[in-house]
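Structure record follows, encoded as structure tokens.
The values are calculated or read from the model by the stated rules, or taken from the named source; none is laboratory data. Here the structure is a predicted model, which is why all the values come from computation and not from measurement. All Cβ positions, glycine included, derive from the backbone under ideal geometry; neighbour counts span all protein chains shown. Heavy atoms of the whole protein, side chains included, go into the accessibility calculation; ligands, DNA and RNA do not. Shrake-Rupley method; radii C 1.70, N 1.55, O 1.52, S 1.80 Å.
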Amino acid sequence: MKLADLEQRRRVLTDFNTTLLVEAAAGTGKTSLIAGRVAMLLANGAAPSQIAAITFTELAAGELSLRIRGYVGALLTGNPPDVLRSALPEGLTEQQKSNLAAAAEHLDEINASTIHGFCQEIMRSYAIETGLDPGSRVMDAPSSDAMFEAVLSAWFADRLSAGTGTDDPVVVLSRHDPLKVVGLVKSVNKLPTVTPPPLGISIA
């Protein structure tokens, strides 16, 4: 079956001198096409370190990276994936094979990451200019919540230890309704206009 947009797909895989926008519904092969474009860029001499493949989620970034590796491996064994057949009707040239073989040793240099990860890498490279700690990193919501819970638990354990005075408000409240005081401290820490207790981290 011939795809209605075959020519457009072929252009994505072969036109490297134009900025292109690929717009399509979910499940129509955008990830495969982008991975194929990266493989063709490598085959035509692009250095892995000069390629950035940016997506929205860590899962998608991982999938994109795996597909790129899979396509490069398939091309080198002479079995081009379906997505690349229209761009390689006669297979790879000797020069393309040589380029891919050289690139295959450095695929980990391709920046396949999320938008946040890509921006974080730029900020880390220009730490002085941005005024940020070069060791800082962007965390997704689940990781941030997990870190907050861990620090909060440690803070409560320290606050409710035997050495804390019995007139401490957290101790007093915890005796009557421990779950409520936990919720209260969490809500206070997430209000930008309220100074949170010293938990060791700030939550935005």
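Observations, loosely collected:
- Label-to-label distance, nm, for residues given as Gln95 and Arg124 (7 Å Cα→Cβ offset): 3.6
- Each residue of the stretch 125-138 was assigned a 3J(HN,Hα) from its phi angle through the Karplus expression (A = 6.51, B = -1.76, C = 1.60, θ = phi - 60°), giving 5, 10, 4, 5, 5, 8, x, 10, 5, x, x, 6, 8, 7 Hz with x at Gly and Pro.
- Shape call, the stretch 1-81: gyration tensor on alpha carbons, a/c limit 1.5: rounded
- With kT/(6 pi eta Rh) evaluated at 37 °C and eta = 0.692 mPa s, and Rh the Kirkwood radius from Cα pairs, the stretch 1-143 diffuses with a coefficient of 199 µm²/s according to Stokes-Einstein.
- Annotation: per residue accessible area for the stretch 1-112 equals 61 Å², rounded to a whole number [probe 1.4 Å, protein chains only].
- Heavy-atom accessible surface of the stretch 1-135: percent carbon and sulfur, 1.4 Å: 55
- Translational diffusion of the stretch 71-172, µm² s⁻¹ [Kirkwood Rh, Cα pairs; Stokes-Einstein; 4 °C; 1.567 mPa s]: 67
- Efficiency of FRET between Glu23 and Ala52 - r from beta-carbon atoms, R0 25 angstrom, step 0.05: 0.80
- Sorted on the mean count of surrounding Cβ atoms within 10 Å across their residues, most packed first, peptides 63-75, 143-155, 37-49 read 37-49, 63-75, 143-155.
- Within-15-Å neighbourhood charge of Arg124 [Cβ basis; K, R +1; D, E -1]: -2
- Seen from Pro48, the other residues with C-beta closer than 12 Å to its C-beta sum to a net charge of -2, counting Lys and Arg as +1 and Asp and Glu as -1.
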